[in-house]
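The values are calculated or read from the model by the stated rules, or taken from the named source; none is laboratory data. From a predicted model like this one, the values you see are computed outputs, not experimental measurements. Please note: Cβ atoms are built from the backbone with ideal geometry, for glycine as well, and neighbour counts cover all protein chains shown. Quick note on the areas: whole protein, heavy atoms, side chains included, nothing else; ligands and nucleic acids left out. Shrake-Rupley method; radii C 1.70, N 1.55, O 1.52, S 1.80 Å.
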Amino acid sequence: MWWDERVSARFRRNLQPTLTYWSVFFSFGLCIAFLGPTLLDLRCQTQSSLSQITWVFFSQQFCLLLGSCLGGVFKRTLAQSLFALFASSLAISLVFAIIPLCHNVVVLAVVMAVAGLAMGCIDTISNMQLVKIYQKDSAIFLQALHFFVGFGALLSPLIADPFLSDTNCILSNSTANASSNLPHIRKSLVPHHPGNLSHYDLPMKGMVVTRVSYAFWIMALINLPVPIAVFFLLYKERMVPCFSSSSHPLLSADELAMETRPAEKDDLSTAVQRPHAAEGHDDLFSCCQSKNFRGASYTYFAVHITGALVLFMTDGIVGEYSGFVYSYAVEEPLSVGHKVAGYLPSLFWGFITLGRLISIPVSYRMKPATMVFINVVGVLITFLLLLIFSYSVVFLFVGTASLGLFLSSTFPSMLAYTEDILQYQGCATTVLVTGAGIGEMVLQLLVGSIIHDQGSYSFLVCGMIFGGLAFTFYTFLLFFHRMYPKPSSEMDVASPDKPAVMDDTGQYQ
């Protein structure tokens, strides 16, 4: 096997929790990418204007960010985390089932807000739990986790595509004229950003003809095994109230030997507490409490801030590039045909998913710090070449694929690297997830307004600036890593040989 026996044994001991967290992230991906291609059919279903229906995007993205901030609240015990994941994944299935029944745009926005909260909780809790289980070995499992979100994001548009309306789904006297704009409008909505649609005139009154409901019901059924998997994990850990027991399942003889072998080392490590690492992995609001700052060095804050700023930029690039690459391609000087340009967002997300798959074995052989360095340098060079060859349609496709590959593993690698610096204490997961969510939302809005004022060429200029800032912040992170106090070997609470067990609260250690 391409990983050693120690990691393989750890994976086998935690097989069910790991597979469960991966499947929950599949729910996240399934829910994040369907809205763009189905938005016009949902506009018909709710008989709303394009400007009204695009608020559904905002409600989902804003509540996703809010859910990411609140996700850390459920970290205190494993039971709280699993119940939150069960409720969130079940909520996503219910949202898919309820969307076809929403005939008012305000109701639809509220439903998507619930989905956003569920997605935010899934994002924070799944990353946090995998880091707690595998600690120094977490990089490879985080790469796999983020592959599943990419896989879900690719699957949901494919499920929806056969049920999308080929002509305008509200039949009226102006249907013929409006239908000619439909492919252009639909592609500009893929996968996250609604774009500037104010100049398109589609009918709001008439007979609604859409079959998109079937797509949502299919996605609800596909997602249903996920909350069931979380429930089975709760049942296995004796955390379901009606099946609860005072003791957890016994360990096998081999597992017991591995548990007891480093006992002396663990006792020493738990006996010594660092001033700033008393709790660790708090929610965002608990992280900001003054009691967590006592005795902490400035490098402790600097690592959190610079790590979050790197992801603010890189995840912001993912959002703004996927949202505006189509609009950039169809404008001068490239003037790519609408149908051909429509492949660009799919190509971008396809190579993000491929990159995450490739990163699973690579992350075992390569340190997270090295992977992040390659990623940010690759993003910077790709944008530089896109600017140099800005008149080449062929290189736009090559650059889009290259950018997807370099951005694919940035988040999990940065998370593993930052947690490793902080010895798996502090608030790194919550802060990084929140920073990435804010970046994706803010940079989309910023780039959209700049393109509207300065023209399509500013799209690449913004990407180059954001890539440069990401590289700069990463350089600062490397500097603060060198300054950060290193634990002595006998005090290393994050020993890679330490197996993932549960304490009295049911929390993985």
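What to note about this one:
- Among the numbered conditions (1) at pLDDT below 85; (2) open to solvent by less than 10 Å² (accessible area, probe 1.4 Å); (3) of a type outside the set (V, I, T), the only one that M112 does not meet is (1).
- Total residues in the stretch 1-55 satisfying the condition of being of a type in the set (G, A, S) and free of Cβ contacts under 8 Å to residues at least 12 places away in the same chain: the figure is 1.
- Flag if T418 is at pLDDT below 90, of a type in the set (S, T, Y) and in a helix (DSSP H, G or I): yes
- As a summary of the residue check, H103 satisfies the conditions (1) over 24 Å from I228 (Cβ atoms); (2) assigned to a helix (DSSP H, G or I) except for the one numbered (2).
- Only listed residue being open to solvent by less than 30 Å² (accessible area, probe 1.4 Å), more than 20 Å from the chain's Cα centre (by Cα), farther than 21 Å from S327 by Cβ and of a type outside the set (F, W, Y), chosen from G435, G378: G378
- Within the stretch 23-57, the residues that satisfy the criterion of being outside any helix (DSSP H, G or I) and open to solvent by 10 Å² or more (accessible area, probe 1.4 Å) are Q47, S49, T54.
- The listed residues are A84, A97, and the only one of them that is crowded, with 18+ Cβ neighbours inside 10 Å, of a type in the set (A, V, I, L, M, F, W, C) and either at pLDDT below 85 or in a helix (DSSP H, G or I) (or both) turns out to be A84.
- Conditions (1) within 30 Å of S335 (Cα to Cα); (2) of a type outside the set (G, A, S); (3) open to solvent by 60 Å² or more (accessible area, probe 1.4 Å); number of the one not met by L443: (3)
The rows are residues; the columns are (1) over 24 Å from Y326 (Cα atoms); (2) assigned by the TED database to the domain that holds F147.
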site: S8; (1), (2): yes, no
site: A33; (1), (2): no, yes
site: F58; (1), (2): no, yes
site: V73; (1), (2): yes, yes
site: A79; (1), (2): yes, yes
site: A84; (1), (2): yes, yes
site: C102; (1), (2): yes, yes
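- Summed over the stretch 342-361, the residues that are in a helix (DSSP H, G or I) and in contact (Cβ under 8 Å) with a residue 60 or more places away in the chain give a count of 11.
Every residue, every condition in (1) of a type outside the set (D, E); (2) at pLDDT below 50; (3) in the same structural domain as Y134 (by the TED database), yes or no:
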residue	(1), (2), (3)
S449	yes, no, no
F459	yes, no, no
M464	yes, no, no
L469	yes, no, no
V501	yes, yes, no
D504	no, yes, no
